[in-house]
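What follows is a single structure, written as structure tokens, with notes after it.
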Amino acid sequence: MRLITILLAMCISTSAWSTPTTWKGKVVRVLDADTVDVLRPGAKGCWTIQRVRIQGIDAPEKKQAFGKAATKFAVAFVFGRDVTVNVNGKGKYGRWLGDLCRGKSKYKCLSYQLVRKGWAWHYRKYSKSRLLDRAEKKAKKETIGLWAGKTPLAPWLWRKKSK
């Protein structure tokens with residue numbers, strides 16, 4: 001039992017030291033449309049689960065209008081799939097900030113797909129992406145996803161209002 005505890009402690013401590021900018025893993029949980037857990041190989045044959053907040057977007061909260069639909073889309077797009085995680089740092093809640101991609105094309109990334117299909121806003125406060133900006137404009141023009149609603153409320157405003 002003591003040996004197992006020591007090995008587990010070694011796995012946890014060594015995986016915390018490495019902070020690569022890109023890594024591969026499998027999505028094992030979708031908490032909401034813009035937050036997922038990814039299982040990835042760590043040091044010395046250990047595996048670790050990393051929480052990733054999708055950067056550059058803000059999707060409706062689960063209790064907000066379109067929140068469940070946005071989460072359902074994210075589940076269909078990435079759950080159980082092998083992904084490449086492009087990390088840009090850590091956020092204030094300790095989650096990795098980055099994007100998950102199912103291929104090499106920027107059009108195969110979760111952030112782009114959520115915005116393009118109308119399930120998330122391009123979060124301009126934290127992103128200057130022209131790709132996401134164009135995707136959001138196109139989704140609005142086509143009135144798809146949350147843009148089909150009468151008055152879609154941005155999640156950052158909804159969170160402020162619900163406090």
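The values are calculated or read from the model by the stated rules, or taken from the named source; none is laboratory data. A quick note: this is a predicted structure, and the numbers were derived from the prediction, not measured. Reconstructed Cβ throughout: ideal geometry from the backbone, glycine too, with neighbour counts over all protein chains shown. With ligands, DNA and RNA removed, areas are computed over all heavy atoms of the protein, side chains included. Shrake-Rupley method; radii C 1.70, N 1.55, O 1.52, S 1.80 Å.
Numbers for the structure displayed
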| read-out | value |
| --- | --- |
| Matching residues in region 30-48 - criterion: being open to solvent by 20 Å² or more (accessible area, probe 1.4 Å), out of contact with any Phe, Trp or Tyr (no Cβ under 8 Å at 6 or more places or on another chain) and within 23 Å of residue 114 (Cα to Cα) | 31, 32 |
| Residue satisfying condition, being closer than 19 Å to residue 124 by Cα, open to solvent by 50 Å² or more (accessible area, probe 1.4 Å) and part of a loop (DSSP other than H, G, I, E, B), within set 92, 104 | 92 |
| Looking only at region 107-133, and only at residues there that are within 20 Å of residue 61 (Cβ to Cβ) and among the aromatic types (Phe, Trp, Tyr), the one that is most open to solvent (accessible area, probe 1.4 Å) | 126 |
| Selection from region 132-161 of residues that are free of Cβ contacts under 8 Å to residues at least 60 places away in the same chain and small (Gly, Ala, Ser) | 135, 139, 148 |
| Extreme residue, surrounded by the most Cβ atoms within 10 Å (Cβ to Cβ), among residues of region 140-156 that are assigned to a loop (DSSP other than H, G, I, E, B) and not charged (D, E, K, R) | 152 |
